[in-house]
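Here the structure comes first, spelled out in structure tokens, and everything after it is commentary.
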Amino acid sequence: MNKFLPLFLCLLISTIGFSQKKSELFAEIEDLKTKIQDVEQQLAEKKREVSSSTAKAETLEMENIGLRDANATLLKNLSSFSELSKKNSENVNKTLAALERKEKQLSVLNEMIASNDSTAIVLLSKVKQTLGENANADVSDGAIVISNSLTNLFGSDTSSDLTDEGKTWLANVAKVIIANPTLKTEVEGLNITGEFGVTLDQVASVSKELIGTLQVPSNTLRASVKDGNFKEGVVIKMQPDHKGFYDRAKERLTKGQ
């Protein structure tokens with residue numbers, strides 16, 4: 001018995017020491033588990049942070065791409081706007097230049113028309129000096145209009161033979177026509193009955209007297225008849241040569257361009 005006592009004590013001590021080491025080992029294991037859990041939590045948190053950072057980076061990259069696209073579109077639009085503005089400015093300048101040319105052309109026409117009207121007024125004054133202040137003469141549409149009744153010219157509305165009074169009146173009219181060779185003269189017969197045969201004979205008598213007897217150039221005179229619309233008689237119109245006026249106006253407008 002005494003022989004085994006030391007061995008038993010050694011075994012007991014070893015057992016107690018082993019138990020203590022096992023407990024310490026378990027404690028260390030628990031401590032390691034705790035540390036591992038902490039590391040895993042930290043790792044998971046870092047993964048979440050990395051994931052969030054990655055998502056933010058991707059979002060920023062997408063926003064950056066969108067900003068670059070928007071910037072490129074803006075630059076393109078600015079370029080297009082600049083080009084359009086330049087074209088519009090050119091068009092405005094062209095329009096203003098065209099309006100200025102038109103204004104000059106209208107000024108030329110107004111000047112010529114005003115000059116023609118002034119000439120007609122001056123001529124009217126001369127006509128009244130020649131025919132008398134009581135002469136039936138006026139300006140209409142730029143033309144001098146001189147009229148006389150059928151009774152004064154022919155003695156009646158059915159006759160085509162000129163009276164002495166009619167011949168005297170035509171002699172004075174011829175003076176005005178000859179003094180203004182640039183004007184075109186028209187002898188116009190007005191009829192209210194619709195029987196233009198007699199009116200045509202009356203106009204022919206007036207024209208024959210002017211050309212044959214009074215030496216009015218035939219190329220400046222023409223004759224016509226028309227419905228007088230409640231008026232009858234003979235009207236002599238003296239008006240500018242419209243073709244000549246057109247040619248002069250065209251020349252002035254061409255020079256004004």
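For Ala204, the conditions (1) touching a Gly at 6+ places or on another chain (Cβ under 8 Å); (2) surrounded by fewer than 18 Cβ atoms within 10 Å (Cβ to Cβ) all hold with the exception of (1). Examine region 144-166 for a residue that is of a type in the set (D, E, K, R) and modelled with pLDDT under 90, and state whether such a residue exists. Checked against the condition, which is being of a type in the set (D, E, K, R) and modelled with pLDDT under 90, region 144-166 yields at least one hit. If you filter region 124-154 down to residues that are within 16 Å of Asn191 (Cα to Cα) and outside any strand (DSSP E or B), you find that the one that is nearest to the chain's Cα centre (by Cα) is Ser149.
Gln41: surrounded by 10 or more Cβ atoms within 10 Å (Cβ to Cβ) and at pLDDT 75 or above, yes or no? Here the answer is yes, as Gln41 does meet what is asked.
Which of the residues that make up region 153-169 are hydrophobic (A, V, I, L, M, F, W, C) and without any contact (Cβ under 8 Å) to a residue 60 or more places away in the chain?
Within region 153-169, Phe154, Leu162, Trp169 qualify.
Selection of region 178-221 for residues being basic (Lys, Arg) and modelled with pLDDT of 90 or more yields only Lys208.
The values are calculated or read from the model by the stated rules, or taken from the named source; none is laboratory data. What you are looking at is a predicted structure, and each value in this text was computed from that prediction instead of being measured. Cβ: placed from backbone, ideal geometry, glycine included. Neighbour counts: every protein chain shown.
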